[in-house]
1. Can you compute log10 of I(q)/I(0) for segment 178-232 with the Debye formula, treating each Cα as one identical point scatterer, at q = 0.12, 0.14, 0.16, 0.31 Å⁻¹?
2. If you take the C-alpha gyration tensor of segment 1-154, multiply each eigenvalue by 5 and take the square root, what semi-axes do you get, largest first, in whole Å?
3. Nearest 0.05, what FRET efficiency do residue 90 and residue 154 give at R0 = 41 Å with Cβ-Cβ as r?
4. Counting helices only, and only those DSSP H runs with n ≥ 4, report the 222 nm mean residue ellipticity of the chain as the sum of -39,500 (n - 2.57) divided by its residues, in deg cm²/dmol to the nearest 500.
5. On a 0 to 90° scale, report how tilted helix 50-62 is relative to the longest principal axis of the chain, with both axes built from alpha carbons and the result rounded to the nearest 10.
6. Please express the Cα-Cα pair-distance distribution P(r) of segment 108-237 as a list of whole percents, one per 10 Å bin, running from 0 to the bin with the greatest distance.
7. Within the chain, what whole-number % of the accessible surface is contributed by carbon and sulfur, with the 1.4 Å probe and all protein chains included in the calculation?
8. Out of every Cα-Cα pair in segment 95-159, what percent are more than 19 Å apart?
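The values are calculated or read from the model by the stated rules, or taken from the named source; none is laboratory data. For clarity, every value in this text was computed on a predicted model and none was experimentally measured. Here the Cβ positions follow ideal geometry from the backbone for every residue, glycine too, while neighbour counts run over all protein chains shown. Protein only, heavy atoms only, side chains kept; ligands, DNA and RNA dropped before computing areas. Shrake-Rupley method; radii C 1.70, N 1.55, O 1.52, S 1.80 Å.
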Amino acid sequence: MEQRPKKLLEQVQDIIRLKHYSYQTEKTYIYWIRRYILYHDKRHPKDMGSAEIEAFLTHLAVNENVAASTQNQALHAVLFLYKEVLKQDLDLKVDAVRAKKSKHLPTVLTKDEVFLIIKHLSGVHQLLIKLLYGTGLRLSERLSLRVKDIDFAQKQIIMRDTKGNESRVTMLPESIAEELKIHLQSVKIIHQQDLQKGYGSVYLPFALERKYPRAKYDWIWQFVFPSGNISKDPRSG
């Protein structure tokens, strides 16, 4: 049976996965590309160019009052479409009205304020905040931590495939090492129960699942902070 040609957004999805971009980036890029197409009455992007990109970005800044970072995100998504999917070179002198960058200074908590917050938390939530504060991990990095990434012997945490697709190492504070070990013991029990029910697999990066079909069930690949419920992998189903 002859396969139908892939739709544009499916092509975008394929290229993003080929480049091993994160699932969050995939969702964001597809969202903005779809918005760009709909804004121009569903015209095909190959029939548009810098003028249409400029009009779309101006619309976001003037009519939707988006933040500068949001407008920039939309620009990167649309440029990805033209450069990586449609293979079209654009005149990048996009003269759109740019959203104003925020001049507000971020609120930084004092040490006492952080400890006060931690004091009012308990269980896993308290451990999560201790990790964020004590290691400098980004929230997304903390959520994607796997058992193998924690090195208790060397007192360090290895972050792989982070922002910019680079790995880095950060310290594991002694003050939370024992607490983390106890947490992992309870997570391991949950994992063993999941395996008995026919679940217990996790998403593996790149082509590791094809190379090591059973690895997705291994303890070392499990998430340190798993979901409270069985969930479906949004990519593989």
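1. One equal scatterer on each Cα of segment 178-232 leads to -0.28, -0.38, -0.50, -1.32.
2. 39, 24, 12
3. Numbers: r = 47 Å, r/R0 = 1.15.
So the FRET efficiency works out to roughly 0.30.
4. Details: 9 runs with 108 residues, N = 237.
Here the helix-only value at 222 nm equals -14000 deg cm²/dmol.
5. So the inclination is approximately 60 degrees.
6. 11, 40, 35, 12, 2
7. Numbers: 8510 of 16140 Å².
Exposed carbon and sulfur together represent 53 percent of the surface.
8. Numbers: 1066 of 2080 pairs.
Roughly 51 percent, once rounded to a whole number.
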